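Note sheet for the following structure.
The values are calculated or read from the model by the stated rules, or taken from the named source; none is laboratory data. Just so you know, these numbers come straight off a predicted model, no measurement behind them. Neighbour counts run over all protein chains shown; Cβ positions are idealised from the backbone, glycine included.
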Amino acid sequence: METAHKLQLRFWGVRGSTPSPGKDTLVYGGNTPCVEIRTASNQILVFDGGSGIRELGRQLAAEFAGRDLPLNLFLTHFHWDHIQGIPYFQPLFSPATRIDVHSWTSMEDTRGVLEAQMQAPYFPVSLTYGSAKLSFAQMKSERLKIGDVSVESFPLNHPQGAYGYRIEAGGKSIVYATDLEHGDAQLDRVLRDYASGADVLIYDAQYNDEEYAAHRGWGHSTWHEATRVARDAGVGRLFLFHFDPAHTDARVAESERLAAAEFEPACAAREGSVIQL
Ligand SMILES: [Zn+2]
Ligand SMILES: [Zn+2]
């Protein structure tokens, strides 16, 4: 069924580093990164498999009960907060599911990483115990077309490497850029090129300026830099993302307020929120 919007974005996990449930994270959410993007023709693209993917899986299992569920899962990198929810992704255990997993690593290595976190003694069943059909594809520098949507990826400055994605359909665009540290002149330029004119930019805002000064080299950025990138690239809306696990809702709200003072269409991503373009 065709819908009026060209792209729909839903945040299932917006927290960085480790899940942080509790009374102080109820507003923005405590699950680690997972972002769902759907197109007008209901292509489902999932970005990262942090703990937020568990709830996405529950919803997809209910929505597609008894029907084929084709999915494309894009991984930014393999730090644990970006893959730890995959063993708990309910559609993995249904033969009606087909998951094409995309990353910049070779097909063998991507499969190996996902198998490793489900090996004894860490997990009771193996990746292949799940009856979903899995395939693995290595991203290339060319644009990847999947039905009515195209996906491009670009390198980010992060320990052991990470990749951002630009997703386009029907003239609308979303850029997902998490787990990156600003300050590498060449990669800062690449990011601005890929984010140029995007309707939505999702950006790593783990720290404020003081915290960043104490965490140089940890691979994360700030709400302040997020506003500079958003302005330089001329994006429509900015979503702060990958919040520090120690940041309470009050702290995230403060970053949101300060960011919006620098770049008006800035806000903090919230678990569960839906944006239609
Ligand atoms: Zn992360
Ligand atoms: Zn990382």
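Within the stretch 73-103, which residues are of a type in the set (Phe, Trp, Tyr), within 16 Å of ligand 1 (Cβ to nearest atom) and not in a helix (DSSP H, G or I)?
Taking the stretch 73-103 and keeping what is of a type in the set (Phe, Trp, Tyr), we get 74, 78, 80, 88-89, 93.
Pick out the ones that are also within 16 Å of ligand 1 (Cβ to nearest atom) and you get 74, 78, 80.
Scanning the stretch 73-103 gives Phe74, Phe78.
Among (1) touching a helix residue (DSSP H, G or I) at 6+ places or on another chain (Cβ under 7 Å); (2) more than 15 Å from Ala177 (Cα to Cα), where does His247 come up short?
(1)
Do you know which of the residues in the stretch 142-172 that are in contact with a Ser or Thr (Cβ under 8 Å, 6 or more places away or on another chain) and assigned to a loop (DSSP other than H, G, I, E, B) is surrounded by the most Cβ atoms within 10 Å (Cβ to Cβ)?
Out of the qualifying residues, it is Asp148.
Can Pro70 be described as farther than 25 Å from His242 by Cα and either touching a residue at least 40 places away in the same chain (Cβ under 8 Å) or assigned to a strand (DSSP E or B) (or both)? Break it down stepwise before answering.
Values: farther than 25 Å from His242 by Cα: yes; either touching a residue at least 40 places away in the same chain (Cβ under 8 Å) or assigned to a strand (DSSP E or B) (or both): yes.
It is true that Pro70 is farther than 25 Å from His242 by Cα and either touching a residue at least 40 places away in the same chain (Cβ under 8 Å) or assigned to a strand (DSSP E or B) (or both).
For the condition hydrophobic (A, V, I, L, M, F, W, C) and within 16 Å of ligand 2 (Cβ to nearest atom), what is the one hit in Leu127, Leu187, Leu201, Leu134? It would help to see each step written out before you state the result.
Working: Leu127 fails: within 16 Å of ligand 2 (Cβ to nearest atom); Leu201 fails: within 16 Å of ligand 2 (Cβ to nearest atom); Leu134 fails: within 16 Å of ligand 2 (Cβ to nearest atom).
Answer to the selection: Leu187.
So, Gln186, is that one modelled with pLDDT of 95 or more and within 16 Å of ligand 1 (Cβ to nearest atom) or not? Lay out the reasoning, then the answer.
Numbers: modelled with pLDDT of 95 or more: yes; within 16 Å of ligand 1 (Cβ to nearest atom): no.
No; evaluated as a whole, the condition is false for this residue.
Of the residues Val175, Val252, Val235, Val229, only one is part of a loop (DSSP other than H, G, I, E, B), more than 15 Å from ligand 1 (Cβ to nearest atom) and at pLDDT 95 or above; which? Step through it out loud before you land on a result.
Numbers: Val175 fails: part of a loop (DSSP other than H, G, I, E, B); Val252 fails: part of a loop (DSSP other than H, G, I, E, B); Val229 fails: part of a loop (DSSP other than H, G, I, E, B).
Going through Val175, Val252, Val235, Val229 in turn, the sole match is Val235.
The conditions are (1) away from ligand 2 (no atom under 16 Å from the Cβ); (2) out of contact with any His (no Cβ under 7 Å at 6 or more places or on another chain), and Glu225 fails exactly one of them. Which is it?
(2)
Looking at (1) under 30 Å from Leu180 (Cα atoms); (2) away from ligand 1 (no atom under 16 Å from the Cβ), which is the one condition that is false for Asp68?
(1)
Determine if the stretch 258-265 includes at least one residue that is in contact with a Gly (Cβ under 7 Å, 6 or more places away or on another chain), surrounded by fewer than 17 Cβ atoms within 10 Å (Cβ to Cβ) and either within 16 Å of Ala195 (Cβ to Cβ) or not hydroxyl-bearing (Ser, Thr, Tyr) (or both). Give the steps one after another, and end with the answer.
Restricting attention to the stretch 258-265, the residues satisfying the condition of being in contact with a Gly (Cβ under 7 Å, 6 or more places away or on another chain) are 265.
Narrowing further to those that are surrounded by fewer than 17 Cβ atoms within 10 Å (Cβ to Cβ): 265.
Checking the rest, the ones that are also either within 16 Å of Ala195 (Cβ to Cβ) or not hydroxyl-bearing (Ser, Thr, Tyr) (or both) come to 265.
Yes, that holds for at least one residue.
Considering only residues that are touching a residue at least 60 places away in the same chain (Cβ under 8 Å) and assigned to a helix (DSSP H, G or I), look in the stretch 8-45 and name the one that is nearest to ligand 1 (Cβ to nearest atom).
This residue is Thr25.
Could you tell me whether any residue of the stretch 116-130 is outside any loop (DSSP other than H, G, I, E, B) and either within 22 Å of Arg15 (Cβ to Cβ) or within 16 Å of ligand 1 (Cβ to nearest atom) (or both)?
Taking the stretch 116-130 as the starting set, the residues that turn out to be outside any loop (DSSP other than H, G, I, E, B) are 116, 127-129.
Next cut, either within 22 Å of Arg15 (Cβ to Cβ) or within 16 Å of ligand 1 (Cβ to nearest atom) (or both) only: none.
Looking through the stretch 116-130, none of the residues is outside any loop (DSSP other than H, G, I, E, B) and either within 22 Å of Arg15 (Cβ to Cβ) or within 16 Å of ligand 1 (Cβ to nearest atom) (or both).
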